[in-house]
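See below for the structure under consideration.
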Amino acid sequence: MIEQLAADEWVSYYRNGGDDDDDRLISSTLSCFCTSEYLKHGNDAAEFKYQNSKGEDIQTCSEIFSDRATVGLIAMAVSTLIVLVNFILKTMLVDMIRSLRLKTVTAETNYTMISIFIGQFVNTAILLVLNNANFKDFDDGKGPLSAVFFVGTETDFSVKWYKTVGTTLMRTMFSQAIWPLIEFVMFYSILNFSRLLDRNFTSDTFTSSMPSVQAYIDLYAGPQYLIHYRYAMILLQICVAFMYGTSMPYLYFIACFAFLILYINERLLVCYYYREPPAFDEKMTTLTLDLTTYIPYIMMPFAFWALGNRQIFETVADEITFKGDIRLSEHTISTAVTHLNPLHMTYNSPPMILLVILLIYSILAKCFCASSDEDEDDQLVEGLDDYYEALKANDKEQALG
């Protein structure tokens with residue numbers, strides 16, 4: 001019987017176009033049937049034929065398998081595009097900050113690191129979610145949020161959101177984790193080809209067509225080591241993992257995998273590939289550690305909202321009639337506030353209670369705890385002249401005796 005219903009639905013969707021109605025009634029029979037056949041027979045299920053109610057033999061699952069493959073390719077392309085945009089954004093920001101001609105190398109790298117992190121974080125973790133978001137639950141489709149974000153269909157962190165946006169986010173972060181390897185292979189190949197072209201594809205490294213010694217050194221010395229980009233990548237993995245990891249723990253494993261790749265890759269490439277990096281003080285490392293202390297303030301509200309999805313945790317599902325309808329989540333600020341009562345805690349109360357405790361602790365620590373920052377006069381200052389040149393005339397005379 002279910003084979004016949006699936007075949008009838010195939011005729012309605014793929015042959016008749018839903019009786020020329022763009023808002024076709026939803027039926028999951030075809031999808032569920034083809035999924036079951038795929039689990040039993042694999043890709044061969046696409047070739048099987050079943051009879052519909054009119055006695056016609058219908059190749060029922062071929063189109064839906066093709067559509068799913070297309071959706072998968074599009075999702076993979078979106079993930080790859082986000083990583084490529086992150087790389088282009090990094091290149092643009094590095095050149096932009098460098099053009100400001102800041103006084104010290106540390107200041108330049110700090111500004112570059114923060115700019116790259118913010119740009120990549122917004123592009124990866126914020127725009128992807130907002131592009132698929134729908135705020136009809138909050139303003140009934142008539143407010144400013146709905147006016148700006150009118151394309152998306154996801155009103156909450158629902159099952160469909162995890163199947164579409166969530167999987168895309170995880171693919172993106174995995175691609176971001178292996179990007180250092182891809183970047184090395186890509187630029188190492190280009191660098192080696194340039195060197196081969198310089199010596200006319202011979203193995204003699206003393207043969208060169210470079211016009212000057214400095215040009216020869218620039219070609220064979222290797223690329224510069226961009227330390228700020230590495231710190232930005234670390235912050236991106238940490239922030240995305242903690243932001244969405246409560247509902248998608250796979251992101252924690254991706255972050256650990258990314259750190260492992262980054263550690264091995266950097267240890268080897270700093271020794272054998274990059275030029276010797278300049279000497280930096282501890283300010284960038286300290287700044288990175290300071291930035292990580294703000295991540296819980298982002299993590300807790302997201303965890304609270306994700307764990308409050310009523311479709312998953314309360315089996316509350318809003319009915320829809322047509323495919324083009326927006327499925328409301330019934331998850332609003334007013335319903336979420338009811339979970340904040342510490343005397344009647346629910347499944348998603350702890351994240352917000354921890355956030356309140358963290359905020360109170362931070363305020364009290366700033367008000368009553370003394371600052372442990374070192375005196376700025378004891379810090380190293382970059383950009384000074386050589387020791388002898390920096391001395392005053394009298395000091396030079398005394399030094400010369």
Selection from the range 297-311 of residues closer than 18 Å to D137 by Cα and within 18 Å of the chain's Cα centre (by Cα) yields F302, A306
M345 meets each of (1) modelled with pLDDT of 85 or more; (2) surrounded by 12 or more Cβ atoms within 10 Å (Cβ to Cβ); (3) out of contact with any helix residue (DSSP H, G or I) (no Cβ under 6 Å at 6 or more places or on another chain); (4) not basic (K, R) with one exception, condition (1)
Open item on the list: Kindly evaluate N110 against the criterion of being polar (S, T, N, Q) and without any contact (Cβ under 8 Å) to a residue 40 or more places away in the chain.
Closed with: no
Some residue of the range 372-394 being modelled with pLDDT of 70 or more, outside the structural domain of L102 (by TED's automatic domain parsing), in contact with a Lys or Arg (Cβ under 6 Å, 6 or more places away or on another chain) and part of a loop (DSSP other than H, G, I, E, B):
no
Checked against (1) modelled with pLDDT of 85 or more; (2) touching a Gly at 6+ places or on another chain (Cβ under 7 Å), N134 satisfies every condition except (1)
Only unsatisfied item for Y216, checking (1) in a loop (DSSP other than H, G, I, E, B); (2) farther than 21 Å from T80 by Cα, is (1)
>> Among the residues of the range 141-160, are any in the same structural domain as F87 (by TED's automatic domain parsing), under 21 Å from I234 (Cα atoms) and at pLDDT 85 or above?
In response: no
Filtering the range 70-119 for residues that are surrounded by 12 or more Cβ atoms within 10 Å (Cβ to Cβ) and acidic (D, E) leaves a count of 1
Here the residues within the range 342-372 that are under 23 Å from T286 (Cβ atoms) and among the hydroxyl-bearing types (S, T, Y) are Y361, S362, S371, S372
Exactly one of F193, F174, F253 is farther than 23 Å from G72 by Cα, assigned to a helix (DSSP H, G or I), modelled with pLDDT of 90 or more and assigned by TED's automatic domain parsing to the domain that holds I88, and that one is F193
Those residues of the range 275-300 which are loosely packed, with under 12 Cβ neighbours inside 10 Å, assigned to a helix (DSSP H, G or I) and among the hydrophobic types (A, V, I, L, M, F, W, C) amount to L289
Report yes if some residue within the range 121-134 is surrounded by fewer than 17 Cβ atoms within 10 Å (Cβ to Cβ) and in contact (Cβ under 8 Å) with a residue 12 or more places away in the chain; otherwise report no. yes
Q224 passes all but one of the listed conditions (1) of a type outside the set (G, A, S); (2) surrounded by fewer than 18 Cβ atoms within 10 Å (Cβ to Cβ); (3) over 30 Å from Y111 (Cβ atoms); the exception is number (3)
Exception for S194 within (1) surrounded by 15 or more Cβ atoms within 10 Å (Cβ to Cβ); (2) in contact with a Leu (Cβ under 8 Å, 6 or more places away or on another chain); (3) at negative phi; (4) not β-branched (V, I, T) falls at (1)
Of the conditions (1) at pLDDT below 90; (2) part of a helix (DSSP H, G or I), the single one that G222 does not satisfy is (2)
Condition set of a type in the set (A, V, I, L, M, F, W, C) and surrounded by 12 or more Cβ atoms within 10 Å (Cβ to Cβ), scope the range 37-68, selection farthest from R171 (Cα to Cα): answer is I58
Within the range 9-36, the residues that are at pLDDT below 80, under 15 Å from I64 (Cβ atoms), in contact with a Ser or Thr (Cβ under 8 Å, 6 or more places away or on another chain) and part of a helix (DSSP H, G or I) are E9, W10, G18, L30
Picking from L251, L262, L340, L269, the residue that is more than 27 Å from the chain's Cα centre (by Cα), of a type in the set (A, V, I, L, M, F, W, C) and either closer than 30 Å to S12 by Cβ or surrounded by 15 or more Cβ atoms within 10 Å (Cβ to Cβ) (or both) would be L340
Of the conditions (1) outside any helix (DSSP H, G or I); (2) in contact (Cβ under 8 Å) with a residue 60 or more places away in the chain; (3) of a type in the set (S, T, N, Q), the single one that T205 does not satisfy is (2)
Note on the range 147-171: residues free of Cβ contacts under 8 Å to residues at least 60 places away in the same chain and more than 16 Å from H331 (Cα to Cα) are A147, V148, F149, F150, V151, G152, K163, V165
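The values are calculated or read from the model by the stated rules, or taken from the named source; none is laboratory data. Note that this is a predicted model, so its numbers are computed, not measured. In this analysis, Cβ positions are derived from the backbone assuming ideal geometry, glycine residues included, and neighbour counts consider all displayed protein chains.
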